[in-house]
1. Being of a type in the set (D, E, K, R) and over 13 Å from Arg166 (Cβ atoms) is the filter; apply it to the stretch 227-266 and report the residue that is farthest from the chain's Cα centre (by Cα).
2. Kindly check whether there is at least one residue in the stretch 50-73 that is at positive phi and surrounded by fewer than 18 Cβ atoms within 10 Å (Cβ to Cβ).
3. Taking Ser192 as meeting all but one of (1) part of a helix (DSSP H, G or I); (2) farther than 21 Å from Val49 by Cβ; (3) in contact (Cβ under 8 Å) with a residue 24 or more places away in the chain, write down the number of the exception.
4. So which residues in the stretch 225-261 are touching a strand residue (DSSP E or B) at 6+ places or on another chain (Cβ under 6 Å) and closer than 30 Å to Leu119 by Cα?
5. Take the residues in the stretch 230-257 that are acidic (Asp, Glu) and either part of a loop (DSSP other than H, G, I, E, B) or modelled with pLDDT of 95 or more (or both); name whichever of them is farthest from Glu159 (Cα to Cα).
6. List every residue pair whose Cβ atoms lie under 8 Å apart, where the two residues are 6 or more positions apart in sequence or sit on different chains, the first residue falls within the stretch 130-150 and is over 23 Å from Gly55 (Cα atoms), and the second residue, located anywhere, is assigned to a helix (DSSP H, G or I).
7. Has the stretch 168-179 got at least one residue that is in a helix (DSSP H, G or I) and surrounded by 20 or more Cβ atoms within 10 Å (Cβ to Cβ)?
8. Please go through the stretch 241-256 and give me each residue that is in contact (Cβ under 8 Å) with a residue 40 or more places away in the chain and in contact with a Ser or Thr (Cβ under 7 Å, 6 or more places away or on another chain), ordered by number.
Amino acid sequence: MTSNTAQQDAAVADKMILANSAYADGRHLAARQSIYRWQQPQYDLPGIVVEELAGTSGIVLDVGCGNGKFVSRLHTDCPNFQVVGMDISAGILADVEKPVLVADAQALPFADDSADAALALHMLYHVSDIGATVKELARVLRPGGVLIASTNSDTDKNELDELWARAAGDVLGISEGPARVSLSSRFSLEKSRSYLGVAFENILVRELPGTIEVTDPAPIIAHLASYEAWAEQCGVPFQETVSRAAEIAAATIATAGSFRITCLGGILVCRS
């Protein structure tokens, strides 16, 4: 499988792409989130975050909050928290429960020791300097504060990587096409401890394995199509590859009865 990892990694952390395309609104993020409706076992991720914040009170910063899935749950379940949602994209914050701030995770507009907890959920792979951002998150936390981060394993959804490479190869007329853009690889579950360890001594990893099984290719195609913001980095005609992937997925379902995807994500609870 061929790839241009350096170019793809740079694009995954490109602020212009993030703010103006990938997360200009919640459409693409919602498409990626929606595939988990078919995962077994089911995980209540906001509920897990609430559980891990037990014993915490005060100011909670959701850094890179996206469409506000976790902000909403914290407002509902933890009314004693002062929750602030932040994202680099003003557009995606439009429907997030206030207060919200447009802010860069690498330069948080908060004083030292001013927050009791911070969330960095599936977003640290989007910052250009991951280590510096981890230190910035630690800076704003009070002594005894907690950082909750999340990401996926390097092995997560490998079946979709293989589907993309096969479809891309068919479009290009070669045996195996370029790899699709990987969002989490820059800060994967396997790499996360070394990054978080620059500022946190106590890191608890909670792995969340599962299997997605679908009998309709639509959720798979919606997931693949949600990477449209990085189409230029794919090295293959994007829409043609998505269409070919739909045909392959439909054929697999017709033959095997379903399309199975192996997932592995994780929550990391960090204390200094």
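1. Quick first cut of the stretch 227-266, residues of a type in the set (D, E, K, R) only: 228, 232, 240, 244, 247, 260.
This time we only want the ones that are over 13 Å from Arg166 (Cβ atoms), so: 228, 232, 240, 260.
Working: Glu228: 15, Glu232: 20, Glu240: 25, Arg260: 20 Å.
So, considering only residues that are of a type in the set (D, E, K, R) and over 13 Å from Arg166 (Cβ atoms), the one farthest from the chain's Cα centre (by Cα) is Glu240.
2. At the first step, the residues of the stretch 50-73 found to be at positive phi are 55, 58, 64, 66, 68.
Going one step further and asking which of them are surrounded by fewer than 18 Cβ atoms within 10 Å (Cβ to Cβ), we end up with 55, 58.
Within the stretch 50-73, one or more residues are at positive phi and surrounded by fewer than 18 Cβ atoms within 10 Å (Cβ to Cβ).
3. Here Ser192 meets the rest and fails (2).
4. Across the stretch 225-261, the qualifying residue is only Ile261.
5. Glu240
6. Between residues of the stretch 130-150 that are over 23 Å from Gly55 (Cα atoms) and residues that are assigned to a helix (DSSP H, G or I), the close pairs are Ile130/Leu124; Ile130/Arg186; Ile130/Phe187; Ile130/Tyr195; Gly131/Tyr195; Thr133/Leu124.
7. Within the stretch 168-179, one or more residues are in a helix (DSSP H, G or I) and surrounded by 20 or more Cβ atoms within 10 Å (Cβ to Cβ).
8. Across the stretch 241-256, there are no qualifying residues.
The values are calculated or read from the model by the stated rules, or taken from the named source; none is laboratory data. Keep in mind that this is a model prediction, so the values were computed, not measured. Methodologically, a virtual Cβ is constructed for each residue, glycine included, from the backbone with ideal geometry; neighbour enumeration extends over all protein chains shown.
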